[in-house]
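Here the structure comes first, spelled out in structure tokens, and everything after it is commentary.
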Amino acid sequence: MNRLAPGATAPDFALVDQDDQAVALSDLRGKPAILFFYPEAMTPGCTTEACDFRDSLAPLQAAGYEVLGISRDLPEKLREFRERDHLNFDLLSDPERQAHEAYGVWGEKQRNGETVIGVIRSTFVVDEDGRIVQALYDVTPEGHVAGLKQLLGVG
């Protein structure tokens, strides 16, 4: 598994969102972005994390950030997740793990004391030039967004 580090070029991707609309990272050039990879829509930890991003979206956007959630879920499930929890940002579908592999978030992780293969919950901050500013692997849903805002100096 290849992990990204600050200063690296953020791997481009072309995925579809919850409404089957194409989204490419390169479309966001000129604007910083926060990409958060999560294991599965509508599970407890993923709901906590997504709702924290929802509740923090205004200050993140005021600081210029575009927020995108990425999972292996299909668009229909992402649409349901977005509607159910009133999420106010796009969710991208990566069932083939293209972006997951490129960002090094698919691999071994610990769950309930055993090693499993799956999505490593991670967040990346990408600057307006498409470079990684922060690469945060194996984050915990609770308190993650608050810590990220502090790291970015966002109120």
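Examine the range 62-71 for a residue that is charged (D, E, K, R) and more than 13 Å from the chain's Cα centre (by Cα), and state whether such a residue exists. Give the derivation first.
First, pick out the residues of the range 62-71 that are charged (D, E, K, R): 66.
Subset that is more than 13 Å from the chain's Cα centre (by Cα): none.
Looking through the range 62-71, none of the residues is charged (D, E, K, R) and more than 13 Å from the chain's Cα centre (by Cα).
Of the residues making up the range 102-117, those that are free of Cβ contacts under 8 Å to residues at least 60 places away in the same chain and closer than 23 Å to V145 by Cα are K109, Q110, R111. Note on the range 10-49: among residues that are among the hydroxyl-bearing types (S, T, Y) and more than 20 Å from G64 (Cβ to Cβ), the one that is surrounded by the most Cβ atoms within 10 Å (Cβ to Cβ) is Y38.
Is it fair to say V126 is closer than 19 Å to G64 by Cα, over 16 Å from the mean Cα position of the chain (by Cα) and in contact (Cβ under 8 Å) with a residue 60 or more places away in the chain? No.
Answer yes or no: is there a residue in the range 28-38 that is among the basic types (K, R), over 23 Å from G143 (Cα atoms), in contact (Cβ under 8 Å) with a residue 12 or more places away in the chain and out of contact with any Ser or Thr (no Cβ under 6 Å at 6 or more places or on another chain).
Quick first cut of the range 28-38, residues among the basic types (K, R) only: 29, 31.
Checking the rest, the ones that are also over 23 Å from G143 (Cα atoms) come to 29, 31.
Next, from what is left, pick out any that are in contact (Cβ under 8 Å) with a residue 12 or more places away in the chain: 29, 31.
From what is left, the residues that are out of contact with any Ser or Thr (no Cβ under 6 Å at 6 or more places or on another chain) are 29, 31.
Scanning the range 28-38, I find at least one residue that is among the basic types (K, R), over 23 Å from G143 (Cα atoms), in contact (Cβ under 8 Å) with a residue 12 or more places away in the chain and out of contact with any Ser or Thr (no Cβ under 6 Å at 6 or more places or on another chain), so the answer is yes.
With respect to (1) closer than 25 Å to Q21 by Cβ; (2) in contact (Cβ under 8 Å) with a residue 60 or more places away in the chain, the lone exception for A146 is condition (1). When you go through (1) assigned to a helix (DSSP H, G or I); (2) buried (at least 17 other Cβ atoms within 10 Å of the Cβ); (3) without any contact (Cβ under 8 Å) to a residue 60 or more places away in the chain one by one for D52, which number turns out not to apply? Status for D52: all satisfied but (3).
With respect to R84, determine if the residue is touching a residue at least 40 places away in the same chain (Cβ under 8 Å), surrounded by fewer than 20 Cβ atoms within 10 Å (Cβ to Cβ) and more than 15 Å from the chain's Cα centre (by Cα). Explain how you work it out, then say what you get.
Details: touching a residue at least 40 places away in the same chain (Cβ under 8 Å): yes; surrounded by fewer than 20 Cβ atoms within 10 Å (Cβ to Cβ): yes; more than 15 Å from the chain's Cα centre (by Cα): yes.
It is true that R84 is touching a residue at least 40 places away in the same chain (Cβ under 8 Å), surrounded by fewer than 20 Cβ atoms within 10 Å (Cβ to Cβ) and more than 15 Å from the chain's Cα centre (by Cα).
Which one of E49, E66 is closer than 18 Å to E142 by Cβ, touching a helix residue (DSSP H, G or I) at 6+ places or on another chain (Cβ under 9 Å) and not small (G, A, S)? Before you say what the answer is, go through the steps one by one.
Values: E66 fails: closer than 18 Å to E142 by Cβ.
Criteria check complete, one pass: E49.
The number of residues in the range 3-36 being over 14 Å from F89 (Cα atoms) and part of a strand (DSSP E or B) comes to 5. Could you give every pair whose Cβ atoms fall below 7 Å, whose first residue belongs to the range 3-20 and is at pLDDT 95 or above, and whose second residue is in a loop (DSSP other than H, G, I, E, B), counting only separations of at least 6 or pairs across chains? Cβ pairs passing all conditions: L4/Y103; L4/G104; T9/G130; A10/G130; P11/Y103; L15/D94.
Counting just the residues of the range 135-155 that are surrounded by fewer than 15 Cβ atoms within 10 Å (Cβ to Cβ) and either among the polar types (S, T, N, Q) or within 16 Å of D55 (Cβ to Cβ) (or both), which one comes out modelled with the lowest pLDDT? Even if it seems obvious, please write down each step before you answer.
Looking only at the range 135-155, we keep the residues that are surrounded by fewer than 15 Cβ atoms within 10 Å (Cβ to Cβ), and these are 138, 140, 142-143, 146-147, 150-151, 153, 155.
Next cut, either among the polar types (S, T, N, Q) or within 16 Å of D55 (Cβ to Cβ) (or both) only: 140, 142-143, 146-147, 150, 155.
Details: T140: 94, E142: 95, G143: 95, A146: 96, G147: 96, Q150: 96, G155: 80.
Only one residue tops the list, namely G155.
Inside the range 18-48, residues that are charged (D, E, K, R) and touching a Gly at 6+ places or on another chain (Cβ under 8 Å) make up a count of 2.
The values are calculated or read from the model by the stated rules, or taken from the named source; none is laboratory data. These figures come from a predicted structure and were not determined experimentally. Using ideal geometry, Cβ is built from the backbone for each residue, glycine included, and neighbour counts are taken over all protein chains shown.
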